[in-house]
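Worksheet: the structure to be examined is printed underneath.
The values are calculated or read from the model by the stated rules, or taken from the named source; none is laboratory data. Predicted, not measured: the structure shown is a model, and the values here were computed from it. Note: ideal-geometry Cβ built from the backbone for every residue, glycine included; neighbour counts use all protein chains shown. Note: areas computed on protein heavy atoms with side chains; ligands, DNA, RNA excluded. Shrake-Rupley method; radii C 1.70, N 1.55, O 1.52, S 1.80 Å.
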Amino acid sequence: MTSTITATAILLCSFIINAQNFQGKAIYKTSSKSAFKMSSENNTGIDDKMQEEIQKQIDKMNQKTFVLEFDKYSSIYKEERILNAPKPQVGGMKTTVMSFGGSNSSDVYYKNVQENRFANQTEIMGKRFLVKDNLTSHKWELSSETKNIGTYTCYKATFSKEVENKNTTFKDGESAEEIEKETIITTAWYTPQISVGNGPGNYQGLPGLILEINDGKKIIVCTEIVLNPSKQISIEEPKKGKVVSQKKFLEIQKQKSDEMIEKFKTREGLDLGNGLNIKFGG
């Protein structure tokens, strides 16, 4: 009797230790639709075929790989860096990408789901910020619908929200804004086989690791999972940057974006040379 109790106690202690030391790494591939609109009005040397090729190159640049390193309650999410990546060119013309802040390759997104908080180390036009705030609380609706992602059985969950999209165009030195309201339905697929309430980016709060997200504009899909890797994972909260709230960061981001647009605005819109004119939208 005593030996049975002792064996049970050892197994229970072993389970607790393993749960405390539980770690994992998930690789996610992301793709998103471009918000760029190409205009060839009053320009020569650019045709529909070239516009199509440029759009393909921009879409290709929007395909990225991210790594989520996690334990039971905390995680780090960041882009997998690729050194010396060649700049895409179309017809001998280099494709130009303009960023106004957020979603940089050097971003480090830390989450603690137990303490309901995050810390996002990011940049706006070369200036580093550390955005600290509470995690977004998504109103998930759980479904019994399932599908397999790799070897994992996943369950469907959704939530919806209404957003405002502002489309700005420039023509003949004048700007025009159009605001459209849209209801976005985000679909997640999570697996209870990995019982951590975490996921990529700012998605969390489900009874299992989120392996896929689709909000209609961006798709995030897990392609690889390593549980309890032989090499210890170090999950450290980022510390560098000016500390601001999420609300303040979005205000700064919008201000810098407006300043950049005004700076580069010309009578013909944003002229990138080589007969290219870009309208900004979204």
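For ASN228 and GLU141, calculate 0.36 nm times their separation in residues minus their Cα-Cα distance, and state this gained length in nm to one decimal.
Between ASN228 and GLU141, full extension yields an extra 28.3 nm.
Could you report the accessible area of THR158 in Å², rounded to 10, computed with a 1.4 Å probe on the protein chains as they sit in the structure?
Probe radius 1.4 Å; accessible area of THR158 about 30 Å².
Just to be sure I understand the model, the point goes 7 Å from the Cα along the line to the Cβ. What's the resulting LYS247 to ILE149 distance in nm?
Going from the LYS247 label point to the ILE149 one covers 3.3 nm.
What spacing in nm lies between the two simple spin-label points modelled at GLU237 and LYS29, each 7 Å away from Cα in the Cβ direction?
Output for this residue pair reads 3.5 nm.
Where does each of GLU80, GLU164 land when they are ordered by accessible area, with a 1.4 Å probe and the largest first? Could the numbers behind the result be given before it?
Values: GLU80 85, GLU164 120 Å².
Solvent-accessible surface, decreasing: GLU164, GLU80.
Once you put a point 7 Å from the Cα of LYS161 and another 7 Å from the Cα of GLU53, both along the Cβ direction, what distance in nm separates them?
4.0 nm
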